[in-house]
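The values are calculated or read from the model by the stated rules, or taken from the named source; none is laboratory data. Predicted, not measured: the structure shown is a model, and the values here were computed from it. In this analysis, Cβ positions are derived from the backbone assuming ideal geometry, glycine residues included, and neighbour counts consider all displayed protein chains. Just the protein is used for accessible areas: all its heavy atoms, side chains included, with ligands, DNA and RNA removed. Shrake-Rupley method; radii C 1.70, N 1.55, O 1.52, S 1.80 Å.
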Amino acid sequence: RIRSVRRGPFLDVHFGRLIARLEGRESPAMVLAALASQASSAPSEVCPNLAGFDLLAWANRDLEEKDHVQSLPEAWTGALPATGGAIGTPQHPGRPLILDGNRLYLQRDWLYERTIAQEVAQRISAPPSAAATEADPQAITSLALNAEQVAAAQAAMATDFLVITGGPGTGKTTIVAVILAMQLSQNPEMRVALCAQTGKAQARMQEALREEARKLRIPEAVRARLEKASAATLHRLLGYVPGSVDFRHNRNHPLPYDLVIVDEASMIPQAMMAKLLEAIPAAMAA
């Protein structure tokens, strides 16, 4: 029996015991459930990759008693279908654990990942909506941008979905301000939402955009919109519902904006990203 974990929450172990009870017997799925639960709570992981995974080394490090791990066959990944009803597949996902290739997910995390993949694929493969327009080359060059920033501005005006990446000091905030300025110049009535995962990131985003607005050579009406821009946390944007994992805005009640700009997207938890994408209509720019 798995009694305790030297580090991390006891929830992982209790989840493994729950899986054993559901199966009516103690099996390798008990250990695998604890492993998947532990990976799900890690800040940089969603699921363990079982290809070449040393289960015994993991057990030696994290579990006080390892009888079930030691009893697993050498080619233990091939024995997963024999663990009973605890482990499903993408074709049969109605199980607590999902084995997708070599990756073992909690069902919840597998569903979130699939939602994100489907939402992103839909947006990048769909033709641009009526809100997407060609960027004015003269307007871009007048802002003294570098080649990468010009390319980002052109892409942002011609598509409904864009990810801007770059290290510190590469001008990400500048290009976001430029994109906003160009969008507002062409559509002064555009409804814009600015958001970030945390209150600190929200405040930083808001202030940075206001600073950039003061530097850009743009119409005063557009500058005034940017300087008054207000950001929100994702919880506030989506409409937090106390005592629920759901939000007020979702696929059936989408966000009422034409453009949504999300700062520090790489820091957003998987579940939150899935819910955010579901709440943004496919025809809306993001």
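Give segment 219-232 a look and list any residue that's open to solvent by less than 30 Å² (accessible area, probe 1.4 Å) and in contact with a Ser or Thr (Cβ under 7 Å, 6 or more places away or on another chain), or say none.
Val222
Only one of (1) within 17 Å of the chain's Cα centre (by Cα); (2) free of Cβ contacts under 8 Å to residues at least 24 places away in the same chain; (3) farther than 23 Å from Gln122 by Cα fails for Arg210. Which number is that?
(1)
For Ile179, work out the one condition from (1) surrounded by 15 or more Cβ atoms within 10 Å (Cβ to Cβ); (2) under 25 Å from Cys47 (Cβ atoms) it doesn't fulfil.
Ile179 satisfies every listed condition except (2).
Yes or no: Ala59 among the aliphatic types (A, V, I, L, M) and either modelled with pLDDT of 75 or more or under 30 Å from Val150 (Cα atoms) (or both)?
no
Which residue pairs have Cβ atoms closer than 9 Å, lie 6 or more positions apart in sequence or on different chains, and pair a first residue in segment 217-232 that is acidic (Asp, Glu) with a second residue that is open to solvent by 70 Å² or more (accessible area, probe 1.4 Å)?
Partner pairs satisfying both residue conditions: Glu227/Arg214.
Can you confirm whether Ala196 is open to solvent by less than 50 Å² (accessible area, probe 1.4 Å), touching a strand residue (DSSP E or B) at 6+ places or on another chain (Cβ under 7 Å) and at negative phi?
The answer is yes for Ala196.
Could you check segment 145-172 and list, in sequence order, the residues that are part of a helix (DSSP H, G or I) and either hydroxyl-bearing (Ser, Thr, Tyr) or within 24 Å of Ile116 (Cα to Cα) (or both)?
Ala152, Ala155, Ala156, Met157, Ala158, Lys172
For segment 239-286, how many residues meet the condition of being buried (at least 19 other Cβ atoms within 10 Å of the Cβ), part of a helix (DSSP H, G or I) and touching a residue at least 40 places away in the same chain (Cβ under 8 Å)?
6
Residue under question is Ala131, and the condition is that it be touching a strand residue (DSSP E or B) at 6+ places or on another chain (Cβ under 9 Å), among the small types (Gly, Ala, Ser) and modelled with pLDDT under 55; does it hold?
Judged against the criteria, Ala131 is a match.
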